[in-house]
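Comments concern the structure below.
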Amino acid sequence: MLPPWGNLLIELLKGTALVSLISVTDLMFEAKQINGTTYLSAESFGTAMIIYYLMARVVVSPGMRAFESYWGKKMGRI
């Protein structure tokens, strides 16, 4: 059950801005504002993509690996 749950968390991360967790205004809204003002769409949306990627790769994935490892040992499967 844990691997699909980890995938679901990453999908939720990609589908939402997680404003409550990152404590800033909506990341994509800001990227659209920057794009509308400066017309630098690749830079603004690329930066937003990198931030989302880092949140998924640095926060969610290792957290889920540790969670799976903990429960795997607790259940005697690893």
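Quick notes on this structure:
- TYR53 modelled with pLDDT of 85 or more and either in a helix (DSSP H, G or I) or not hydroxyl-bearing (Ser, Thr, Tyr) (or both): no
- Within the range 60-78, restricting attention to residues that are among the hydrophobic types (A, V, I, L, M, F, W, C) and at pLDDT below 80, the residue that is least open to solvent (accessible area, probe 1.4 Å) is VAL60.
- Extreme residue, most open to solvent (accessible area, probe 1.4 Å), among residues of the range 18-46 that are at pLDDT 85 or above and assigned to a loop (DSSP other than H, G, I, E, B): TYR39
The values are calculated or read from the model by the stated rules, or taken from the named source; none is laboratory data. If you're wondering where the values come from, they're calculated on a predicted model, not measured in any experiment. Note: areas computed on protein heavy atoms with side chains; ligands, DNA, RNA excluded. Shrake-Rupley method; radii C 1.70, N 1.55, O 1.52, S 1.80 Å.
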